[in-house]
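Peer 1: The following block contains the structure, expressed as structure tokens.
The values are calculated or read from the model by the stated rules, or taken from the named source; none is laboratory data. Keep in mind the model is a prediction, meaning the values are calculated, not measured. Reconstructed Cβ throughout: ideal geometry from the backbone, glycine too, with neighbour counts over all protein chains shown. Heavy atoms of the whole protein, side chains included, go into the accessibility calculation; ligands, DNA and RNA do not. Shrake-Rupley method; radii C 1.70, N 1.55, O 1.52, S 1.80 Å.
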Amino acid sequence: MMFRSLSNPGIRILIPSIFLFLIFGSFILFGWTKTDPTEHDPDDIIRQEERDILFISNVVNEKSPIEKPFGLAIDSRGSIYTGSSDGNIYKIKTDGQTELFAKTSGRVLGIAFDGKENLVACVSGLGLAFYDSKGNENVLLREDSEGNPLTNLYGLDIASDGTVYFTEVSRKFSYEDSYLEELESKPNGRILSYNPRTQEVKTVLEDLYQPTGISLSSSEDFLVFGEKYRHRVSRFWLKGKKAGKDQFFITHLPGSPALISSDSQRNFWIALSSPRHIAIDKIQNFPLLKKAIASLPFFFKPLEGELAYILSMNEEGDISLSLIDNTSDKLGSITSALQYGSGVLLAGFSTQKVWKWKFETLEMFF
């Protein structure tokens with residue numbers, strides 16, 4: 001009788017279906033409390049008249065052990081530094097040779113040199129640290145003023161008085177689980193500051209949506225910061241009549257802002273590292289569906305695409321350059337853009353390379 005039932009095509013389809021339903025039902029049941037999503041209306045993409053010439057870039061480190069470079073910094077001698085997913089910081093000398101600079105206790109993301117030639121870094125899993133000229137690691141900060149661990153830092157910039165401004169992308173989800181931030185759609189991030197002289201930690205701005213890159217203005221009266229899953233960059237005033245107020249700097253971006261840097265010409269360089277999750281944008285007003293997706297195991301997470309896109313904006317908020325690589329997949333994802341010499345250095349997160357795009361490329365095409 002049982003064998004006759006199993007020979008029925010309907011039964012053969014029903015049994016596996018029930019089995020799969022029970023498996024996914026178990027996943028959703030046990031992971032149901034991971035997130036507490038809310039409704040969100042994503043903004044529309046506004047194109048910025050991008051010029052598709054970013055693919056005309058040259059490799060800086062032809063052969064090197066660097067894996068998934070993230071942040072970029074340059075010392076007084078012109079050597080380039082970047083963090084690698086293997087937990088190390090590498091130094092690319094002016095002749096293109098790469099050498100190990102420091103072994104770290106985590107994953108280095110945003111980096112910058114202070115006024116004493118120390119390399120200060122946001123180290124995921126550790127906190128805020130600096131590395132002297134010999135690459136020795138010194139942990140500046142592991143906890144905030146209330147004793148909460150600072151293991152989920154992302155971007156930083158350093159003021160002329162040594163104060164370090166840095167972002168904590170989330171107080172709830174880890175760097176690896178950042179996709180849950182997009183599904184939850186709640187402000188779990190903040191900006192903090194650290195004074196190395198007094199060792200005082202302050203919360204500068206809280207209730208932010210996955211804050212990533214950060215950069216100070218030339219006069220240090222305001223800073224700009226990106227919010228990854230809101231696809232925007234905002235400005236926060238530190239001094240003057242507007243002190244304590246924030247406003248949008250640029251919105252409706254086609255991708256997620258990563259690290260932000262500034263140059264001597266009073267420009268900000270913003271890297272967009274991944275395109276928007278169009279499918280997630282469409283379900284942002286369905287909290288229960290987002291909660292069910294977030295409940296599934298890690299290997300079901302939405303995958304981030306690759307985007308090579310950089311913006312240059314002046315301190316008034318005007319766009320001077322908008323560059324993209326739509327022609328090839330040569331550059332992969334760009335997580336950092338840093339103006340240097342006759343061009344811009346780019347951290348190719350998914351290509352294991354550091355690239356340089358030269359300003360003369362504009363003269364070749366326009």
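Peer 1: Subtract the Cα-Cα distance of residue 278 and residue 358 from 0.36 nm times their separation in residues, and report this length gain in nm to one decimal.
Peer 2: Stretched out fully, the residue 278 to residue 358 stretch lengthens by 25.6 nm.
Peer 1: Mean shadow of the range 207-366, computed from the convex hull of its alpha carbons, in nm²?
Peer 2: 11.3 nm²
Peer 1: Counting other Cβ atoms within 10 Å, keep those with at most 11, restrict to DSSP loop, and tell me which chymotrypsin sites (Phe, Trp or Tyr not before Pro) in the range 208-312 are left.
Peer 2: Sparse-neighbourhood loop chymotrypsin sites (Phe, Trp or Tyr not before Pro): none present.
Peer 1: Here's another thing I want to ask about it. Quick check on the chain: helices-only [θ] at 222 nm, where DSSP H runs of length 4 and up contribute -39,500 (n - 2.57) each and the sum goes over total residues. Nearest 500, please.
Peer 2: Mean residue ellipticity at 222 nm (helix-derived): -4500 deg cm²/dmol.
Peer 1: Gain in length, residue 300 to residue 39, computed as 0.36 nm per residue apart minus the alpha-carbon separation, to one decimal in nm?
Peer 2: 91.8 nm
Peer 1: Could you give the accessible area per residue of the chain, probe 1.4 Å, as a whole number in Å²?
Peer 2: 48 Å²
Peer 1: Once you charge only the Cβ atoms, +1 for Lys and Arg and -1 for Asp and Glu, what is the size of the charge dipole of the range 267-365 about its Cα centre, to the nearest 20 debye?
Peer 2: Rounded to the nearest 20 debye, it is 580 debye.
Peer 1: Name the residue, out of 338, 216, 140, whose mean-square fluctuation peaks in a Gaussian network model built on the chain with Cα pairs under 10 Å.
Peer 2: For the chain, modelled as a Gaussian network with Cα springs under 10 Å, the answer is 140.
Peer 1: Another one. Once all Cα-Cα distances of the range 65-138 are split into 10 Å bins that start at 0, what whole-number percent is in each one?
Peer 2: 22, 61, 17, 0
Peer 1: Beyond 16 Å, what percent of the Cα pairs of the range 69-109 remain?
Peer 2: 27 percent
Peer 1: If you don't mind, there's one more thing I want to ask. State, to one decimal in nm, how far the label point of residue 326 lies from the label point of residue 289, with both points 7 Å from Cα in the Cβ direction.
Peer 2: For the pair residue 326/residue 289, the computed spacing is 2.8 nm.
Peer 1: Let me ask you something else. Within straight cross-link reach of residue 290, meaning Cα distance under 25 Å, which lysines are found once same-chain residues fewer than 8 apart are removed?
Peer 2: Excluding near neighbours in sequence, the set is 34, 172, 186, 228, 282, 301.
Peer 1: What does the C-alpha gyration tensor say about the overall shape of the range 102-215? Classify as rounded when a/c is under 1.5, otherwise prolate if a/b is larger than b/c, or oblate.
Peer 2: Verdict is prolate for the range 102-215.
Peer 1: Okay, next question. What angle, in degrees between 0 and 90 and rounded to the nearest 10, separates the Cα long axis of helix 9-31 from the longest principal axis of the Cα atoms of the chain?
Peer 2: Approximately 40 degrees, to the nearest ten.
Peer 1: Divide the volume of the convex hull of the Cα atoms of the range 255-330 by its number of residues and quote the answer in cubic angstrom per residue.
Peer 2: 136 Å³
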